[in-house]
Amino acid sequence: MPTKTHQATQLRSSLPGVEALSLLSEHSFPRHAHDQFGLGIITSGAQKSWSGVGAVESAVGDVIMVNPGEVHDGTPIGGTRGWQIAYLEPELVARELAAEFGGADVICQPVAHDHALASAVTKLLAALQSPASSGEAEELLLACLVQVVKQHRLSGPRLPTTSPSVARALEWIDAEPAAGTSLSELAISCDVSRFQLIRGFLRDVGTTPHAYRIQLRVRLARRHLRQGHAVAEAAQLAGFADQSHLTRAFLRQFGITPGRYRDALG
């Protein structure tokens with residue numbers, strides 16, 4: 001059986017609070033979420049995704065956006081697709097937009113067919129990779145954010161309303177993602193059956209409680225890696241049984257191994 005194409009490169013960024021990633025892949029990403037705001041562009045092929053507003057498709061030249069905490073996935077259409085994306089810390093986005101937009105949360109649609117924005121995002125991603133272009137990158141970042149907020153911002157709540165039991169379960173898991181709480185314990189704490197909790201999670205969150213917890217652990221490990229911890233340490237601190245468990249989950253969610261991610265941080 002031929003090996004599927006999957007090339008992931010963590011790009012260096014000239015701006016603090018901004019990371020960038022380039023991928024060319026046939027890999028289907030499961031439903032997951034990011035801590036950061038994602039702003040990127042499809043460079044080849046096409047893909048379909050589940051998002052907070054339902055199913056969407058994107059093709060070459062389309063701008064793709066991910067809100068912090070928004071559960072989404074990604075499956076190629078017709079083979080390999082490629083994209084480059086910048087991940088921005090939410091605090092950075094809020095700070096940069098505070099003066100004009102009051103620092104409110106920036107909640108954006110998942111796909112934009114916007115040639116002007118696509119051109120600006122392409123220039124931003126190129127400038128981010130050049131230390132000598134940090135000033136240009138900063139200006140391009142601000143220009144992109146302003147255009148995104150003015151033309152591609154969604155109104156209404158960021159995520160669908162959850163049932164009380166699911167909301168309580170989310171609070172429980174969010175508070176201690178590294179904890180080993182079983183499904184039975186979680187269901188009892190939410191005063192529902194295990195079946196009801198699973199069904200509610202799939203309806204309101206788009207994934208199971210276990211999968212949601214693993215996503216949080218991966219994101220927690222990513223933060224530990226950015227703080228300088230070794231991969232094995234990050235795995236332990238995030239609640240993984242060992243480094244290999246983290247590596248498999250990290251690769252599945254982000255398309256790159258934690259070791260390569262840490263090395264790219266310099």
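The values are calculated or read from the model by the stated rules, or taken from the named source; none is laboratory data. Fair warning: this is a prediction, and the values are worked out from it, not measured in the lab. Using ideal geometry, Cβ is built from the backbone for each residue, glycine included, and neighbour counts are taken over all protein chains shown. Heads up: the accessible areas ignore ligands, DNA and RNA and are worked out on the full protein's heavy atoms, side chains in. Shrake-Rupley method; radii C 1.70, N 1.55, O 1.52, S 1.80 Å.
All other residues with a Cβ under 10 Å from the Cβ of D73 taken together, and with Lys, Arg as +1 and Asp, Glu as -1, what is their net charge?
Cβ neighbours under 10 Å give a net charge of +2.
Report the gain in length on full extension from R194 to S134: 0.36 nm times residue separation, minus Cα-Cα distance, nm rounded to one decimal.
Contour length minus the Cα-Cα distance gives 16.5 nm.
Roll a 1.4 angstrom probe over the protein heavy atoms and tell me the percent of accessible area of the chain that is carbon or sulfur.
53
Classify region 33-151 as rounded, prolate or oblate from the Cα gyration tensor: take a ≥ b ≥ c as the square roots of its eigenvalues, call it rounded if a/c is under 1.5, otherwise prolate when a/b beats b/c and oblate if not.
Judged from the Cα gyration tensor, region 33-151 comes out oblate (a/c at least 1.5, b/c at or above a/b).
Gain in length, R252 to A94, computed as 0.36 nm per residue apart minus the alpha-carbon separation, to one decimal in nm?
My answer for the length gained is 54.0 nm.
Roughly how many nanometres apart are two label points built 7 Å out from the Cα toward the Cβ at S28 and H245?
2.6
May I ask you to compute the full-extension gain from T9 to H115, defined as 0.36 nm times their residue separation minus their alpha-carbon distance, rounded to one decimal in nm?
35.7 nm
Would you tally the net charge around A178, using a Cβ to Cβ cut-off of less than 11 Å, leaving A178 out, and scoring K and R as +1, D and E as -1?
Net local charge, A178 excluded: +1.
Where only protein heavy atoms count, and the probe is 1.4 Å, what is the accessible area per residue for the chain in Å²?
Ligands and nucleic acids excluded, the result is 48 Å² per residue.
Quick one: which residues, 5 or more positions from I107 or on another chain, have an amide H under 5 Å from its amide H? H modelled 1.01 Å from N in the peptide plane, none for Pro or chain starts.
The list, which skips near neighbours in sequence, is L154.
First check a/c for region 17-67, with a ≥ b ≥ c the square roots of the eigenvalues of its C-alpha gyration tensor; if it is under 1.5, answer rounded, and if not, answer prolate when a/b is larger than b/c or oblate otherwise.
Since a/c stays below 1.5, the shape of region 17-67 is classed as rounded.
Given R₀ = 22 Å, FRET efficiency for T75-E176 by Cβ-Cβ distance, to 0.05?
Efficiency, from the Cβ-Cβ distance: 0.10.
Would you calculate the separation in nanometres between label points at R260 and Q151, each defined as 7 Å from the Cα along the Cα-to-beta-carbon direction?
Placing both labels 7 Å beyond Cα along the Cβ direction yields 3.3 nm.
Lys/Arg Cβ at +1, Asp/Glu Cβ at -1, dipole of the chain taken about the Cα centre: which of S244, V56, A175 is farthest positive-ward?
S244
Contact order normalised by length for the chain, with contacts defined as Cα pairs under 8 Å and 6 or more residues apart; what percent is it?
The value is 18 percent.
Which lysines does K4 reach when only Cα atoms under 23 Å apart count, and residues fewer than 8 places away in its own chain are ignored?
Those lysines meeting the cut-off are K48.
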